[in-house]
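S.K.: The structure's right below; bear with me while I get my questions together.
The values are calculated or read from the model by the stated rules, or taken from the named source; none is laboratory data. Quantities reported herein were computed from a predicted structural model and do not represent experimental measurements. Positions of Cβ are backbone-derived with ideal geometry, glycine not excepted, and every protein chain shown enters the neighbour counts. Protein only, heavy atoms only, side chains kept; ligands, DNA and RNA dropped before computing areas. Shrake-Rupley method; radii C 1.70, N 1.55, O 1.52, S 1.80 Å.
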Amino acid sequence: MAKKVVILGGGFAGAFTAQKLEKKVKDVEVTVVDRREGLLAKYATLRAVVYGDAFSHRVMIPENKMLKRGKVIQANVTNVEPGKVSLDDGTQLEYDFLVCATGSHNKLVEPPSSVTSKKETMAFFEDFSTKIKEAKKILIVGGGPSAVELVGEIADRYGTSKDITIATAAKGLVDNATPTPPKKFYDRVNKLVKDAGVKVVTGNKVDVQFDSSVPYLLEQTVTLAGEEQTYDLVIQAVGFSVNTEIYPAAWKNDRGALKVRPTLQLVGEDNVFALGDLTDLNEIKLAYLAETQAGVVSKNVSTLIKNGTSLKKYKVSKSAVMLLPFGRNKGVTVFSGFVIGNTATSMGKGKSLFIPRIWGQLGQKNALKKETKVA
């Protein structure tokens, strides 16, 4: 009898695991449960934030051709317990193996959890892009990679016509990268932002209360470096939460992340695996690392299905790797200690944002429409 594998989450981690597992094991029944009607390519959504409908149709990819034998169910998970998953329509899925890949939520790069359709998702990005288009003076709260990349997209479309300030409580931009990139990387990041005419205020926590549904506020007066400033638009570029509320408390650490072993099995659970943003692995959360972890999880589930005992271990990245585009033609990349600039970053990520690749991987190559040109 075919073993039942239930994968919770249809993002990169879940999708890649499902595809790899189907290739490794013929006698397996794979079911992916995803609350959205497609895979949301979060690493590309900052361009949708700035360009709206002209680009947002490219960031949610249908999953109906993702698997050859398995199935994808669009539903919300209400409960997870040993051997069984409950869905919001009353369906209960029994499993021999469970893969937890429900990821995280970042308000800047994705709509609220209640937004699940492509139509609603595009409407969210169109509204956001309109707010940016209309604003003359913008404050971005947070100085991580997403804040820098957003500035790059705005500069790519609007040049220096907007008065933009980044305010961060950290000592500098991209201050939370793990492992820490070389100084040359930070020098390059700072130069890109400076050349775009963007002001940066560090060591300054901005005291504003954002709405729970959207990552921005209109017409706000805030205190920066001891002075009051009024902004047309204040954008929230901080706040990252793991989507683990559905899992048993015993599976989580005190920060809500799922506790995993080097085999990516949960601590105390031999038939439950976790990967991607929701794990307690001490490394930066990136899509390419989720794909690497998917290889480990699929290999180990395959081994256990075949009654094997030698499981593969995931090695946490010890060297900084990051592709940080600054619009289509600029950016900075750090890889194995080397820092490279505009051309390599543009070719590697900035121009395409990997969009054609991921549509192809999900069997949708011919369905991808071109980006709409904007004035």
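S.K.: Is there a pair in 183/285; 259/312; 3/306 whose C-alpha atoms are over 19 Å apart, and which pairs would that be?
M.R.: 183/285
S.K.: Shifting gears a bit: Mind listing the phi-derived Karplus ³J(HN,Hα) values for the range 96-102, rounded to whole Hz, using 6.51, -1.76 and 1.60 with θ = phi - 60°, and x for any glycine or proline?
M.R.: 8, 9, 10, 10, 9, 9, 7
S.K.: Now for a different question. List the residues, sorted by chain then number, that are 5 or more residues from residue 364 or on another chain and whose placed amide H is less than 5 Å from its amide H.
M.R.: none
S.K.: Take the alpha-carbon centre of the range 50-72, take the same for the range 327-359, and report the distance between them in whole Å.
M.R.: 22 Å
S.K.: Once phi is turned into θ = phi - 60°, what whole-Hz ³J(HN,Hα) does the Karplus curve with 6.51, -1.76 and 1.60 give for every residue of the range 161-168, x standing for Gly and Pro?
M.R.: 6, 10, 8, 10, 10, 9, 10, 9
S.K.: Once every DSSP H run of n ≥ 4 in the chain is given -39500 (n - 2.57) and the sum is divided by its residues, what mean residue ellipticity at 222 nm do you get, rounded to the nearest 500 deg cm²/dmol?
M.R.: -8000 deg cm²/dmol
S.K.: Next question. Accessible area per residue of the chain at 1.4 Å probe, in Å²?
M.R.: That works out to 46 Å² per residue.
S.K.: Please work out, to two decimal places, the log10 of the ratio I(q)/I(0) at q = 0.08 Å⁻¹ from a Debye calculation in which every Cα of the chain carries one identical scatterer.
M.R.: -0.41
S.K.: With springs only between Cα atoms under 10 Å, which of 149, 291, 94 fluctuates most in a Gaussian network model of the chain?
M.R.: Comparing 149, 291, 94 in the GNM, the peak value goes to 94.
S.K.: Output the peptides 138-145, 332-339 sorted from most to least packed, where packing is the average of other Cβ atoms within 10 Å over each peptide's residues.
M.R.: Ranking the peptides 138-145, 332-339 by packing returns 138-145, 332-339.
S.K.: Under 8 Å for C-alpha pairs, at least 6 residues apart: give me the relative contact order for the chain, rounded to a whole percent.
M.R.: 20 percent
S.K.: Sticking with this structure for a sec: Only Cα pairs under 8 Å and at least 6 apart count here; give the relative contact order of the range 12-160 as a rounded whole percent.
M.R.: Across the range 12-160, relative contact order equals 29 percent.
S.K.: Right, something else. Whenever you get a sec, compute what percent of the accessible area on the range 1-131 sits on carbon and sulfur atoms (1.4 Å probe).
M.R.: Of the solvent-accessible surface of the range 1-131, carbon and sulfur hold 47 percent.
S.K.: Ranked highest first by average number of other Cβ atoms within 10 Å, how do 240-252, 99-111 line up?
M.R.: 99-111, 240-252
S.K.: Let me ask something else about it. Starting from the 7 Å offset along Cα-to-Cβ, what nm value, one decimal, do you get for the label separation of residue 261 and residue 319?
M.R.: The answer from the label model is 3.0 nm.
S.K.: Would you mind putting 318-330, 159-171, 74-86 in packing order, based on average other-beta-carbon counts within 10 Å, highest first?
M.R.: In decreasing order of mean packing, 318-330, 159-171, 74-86 become 318-330, 159-171, 74-86.
S.K.: Same structure again: Once R0 is set to 41 Å, what does the formula 1/(1 + (r/R0)^6) return for the Cβ-Cβ distance between residue 175 and residue 94, expressed as a FRET efficiency to the nearest 0.05?
M.R.: 0.35
S.K.: Search the structure for amide H atoms under 5 Å from the amide H of residue 166, placed 1.01 Å from N in the peptide plane, and list their residues when 5 or more places away or on another chain.
M.R.: For residue 166, whose amide H was placed from the backbone, the distant partners under 5 Å are 140, 199, 200, 201.
S.K.: Which whole-Hz couplings ³J(HN,Hα) result when phi for each residue of the range 228-243 is put into the Karplus expression 6.51 cos²θ - 1.76 cosθ + 1.60, θ = phi - 60°, listed in order with x for Gly and Pro?
M.R.: 7, 9, 10, 10, 5, 9, 10, 10, 8, 10, 10, x, 9, 10, 7, 8
S.K.: Among the DSSP beta bridges whose two residues both lie in the range 201-327, what percent are antiparallel, rounded to the nearest 5?
M.R.: 90 percent
S.K.: Let me ask something else. Keeping the other protein chains in place, figure out the carbon and sulfur percent of the accessible area of the range 229-375, with a 1.4 Å probe.
M.R.: 55 percent
S.K.: What pairs in 131/365; 171/330; 137/171; 4/318 have C-alpha atoms more than 26 Å from each other?
M.R.: The pairs that break the limit, which is 26 Å between Cα atoms, are 131/365; 4/318.
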